[in-house]
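Peer 1: Have a look at the structure that comes next, please.
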Amino acid sequence: MNMKRVALIALAGCSLWAAEPAGTFKQSVELGYIGSTGNTDSQSFNGVYKNDYQYDEKTDMHTKVDILYGEKSGEKSDERYRLFYDVNHYYNGDVFTYGEASALRNTFEGYNQQYNFGAGLGYNIFKDEKQFLKGKAGLQYRRSNFTDEPSDNFYYLKGGLDYTYNMTNDNQFTAKWDVLDNLKRVKDVETVIDLGLKILIVDKLSFRLGFELKYDNVPPVGKKKTDTTTTAGIVYSF
């Protein structure tokens, strides 16, 4: 699978970025592969690179790159590339501002390219030694280059919740929920729920199970409103 080799090289290259940062820097690489032969001939690959950079006490930054590729009976059945970056700056107490940017390519969902830029306010709703919940609200600009219709620009109101529960120092459950509402077309609502469970295997190696549900009330022409993705992989943290 040529695409799988390209993805592995890209993820390996990302992991070398900013090897000696000024603040606290954490990275992880996740790789997953499922294949079958015989009555069913299919294979799928998912790869994720993440880094979390604590610049100082008040500012943190996060980067995530993920790739999903699949084939069935020699025909490509999935191909998705995503990049996400955000920065958060805290003020007095638990209030913070955020800025974010992301890019997507997924022709199976109807997007040759999709670009997002957003900013807004956030608040740490609660936080203790084991868990925390924070909320965000802001404005997002989106440029969509569709596969079967003209390109367009949109402005959305965005809201979201991020929840993390640390079962132990090494085992973690995460849940994320984002909602977008088009400022011009109220019925154009998109919501994404992302769940993850990471369990330590040995030092620096973990198993991660993920589930993502995306609902788009006004999808690209000819596409379904609901998409789900389930992934499983080995995570190396360093």
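Peer 1: Loop-only GluC sites (Glu not before Pro) in the range 75-162, please: DSSP not H, G, I, E or B, and at most 13 other Cβ atoms within 10 Å.
Peer 2: Glu129
Peer 1: List the equivalent ellipsoid semi-axes of the range 132-228 in whole Å, largest first, each obtained as the square root of 5λ for an eigenvalue λ of the Cα gyration tensor.
Peer 2: 33, 16, 10
Peer 1: Here's a follow-up. Pick out, from Ala137, Phe126, Thr174, the residue whose Cα sits farthest towards the positive end of the charge dipole of the range 99-238, with +1 on the Cβ of Lys and Arg and -1 on the Cβ of Asp and Glu.
Peer 2: Projecting each Cα onto the dipole axis, the largest value belongs to Ala137.
Peer 1: Leu213 versus Tyr33, label points 7 Å from Cα toward the beta carbon: distance in nm?
Peer 2: 3.2
Peer 1: Computed FRET efficiency, Cβ-Cβ of Lys187 and Asp78, R0 25 Å: what is it to the nearest 0.05?
Peer 2: 0.35
Peer 1: Rg to Rh ratio, the range 115-161, alpha-carbon atoms and Kirkwood radius?
Peer 2: Using only Cα positions, Rg/Rh for the range 115-161 is 1.22.
Peer 1: Also, quick follow-up: So which of Lys72/Lys176; Lys187/Lys214; Lys158/Lys184; Lys50/Lys224 end up more than 19 Å apart by C-alpha?
Peer 2: Lys72/Lys176; Lys50/Lys224
Peer 1: So if I place +1 on the C-beta of Lys and Arg and -1 on the C-beta of Asp and Glu, and nothing else carries charge, what would the dipole magnitude of the chain be about its Cα centre? I want it in debye, nearest 20.
Peer 2: 280
Peer 1: Quick check: net charge around Ile201, other residues with Cβ under 14 Å of its Cβ, Lys/Arg +1 and Asp/Glu -1?
Peer 2: 0
Peer 1: Percent of alpha carbon pairs in the range 56-112 separated by more than 12 Å?
Peer 2: Across the range 56-112, Cα pairs with separations above 12 Å total 72 percent.
Peer 1: Quick one: accessible surface of Phe117, probe radius 1.4 Å, all protein chains present, in square angstrom to the nearest 10.
Peer 2: Probe radius 1.4 Å; accessible area of Phe117 about 110 Å².
Peer 1: Which FRET efficiency value, to the nearest 0.05, is calculated for Ser42 and Gln131 with the Förster distance at 45 angstrom and r the Cβ-Cβ distance?
Peer 2: 0.75
Peer 1: Relative to a virtual label point 7 Å from the Cα of Arg143 in the Cα→beta-carbon direction, which members of the range 65-105 show backbone nitrogen distances below 15 Å?
Peer 2: So the set is 101-105.
Peer 1: As an exercise, identify the chymotrypsin sites (Phe, Trp or Tyr not before Pro) in the range 71-109 lying in DSSP coil whose Cβ has no more than 16 other Cβ atoms within 10 Å.
Peer 2: For chymotrypsin sites (Phe, Trp or Tyr not before Pro) across the range 71-109 that sit outside H, G, I, E and B with at most 16 neighbouring Cβ atoms in 10 Å, the list reads Tyr91.
Peer 1: I've got another one for you. Just to check, using Stokes-Einstein with a Kirkwood Rh over alpha carbon pairs, what's the diffusion coefficient of the chain at 10 °C and 1.306 mPa s in µm²/s?
Peer 2: 82
Peer 1: Scanning the chain for trypsin sites (Lys or Arg not before Pro) in DSSP loops with at most 14 other Cβ atoms within 10 Å, what's the longest stretch left with none?
Peer 2: Counting only loop sites that pass the neighbour cut-off, the longest clear stretch is 59-129.
Peer 1: What spacing in nm lies between the two simple spin-label points modelled at Asp52 and Lys204, each 7 Å away from Cα in the Cβ direction?
Peer 2: The two pseudo-label positions are separated by 1.8 nm.
The values are calculated or read from the model by the stated rules, or taken from the named source; none is laboratory data. Just so it is clear, the model here is predicted, and its values are computed rather than measured. We place every Cβ from the backbone using ideal geometry, glycine too, and count neighbours over all the protein chains shown. The accessibility values were calculated without ligands, DNA or RNA, using every heavy atom of the protein model including side chains. Shrake-Rupley method; radii C 1.70, N 1.55, O 1.52, S 1.80 Å.
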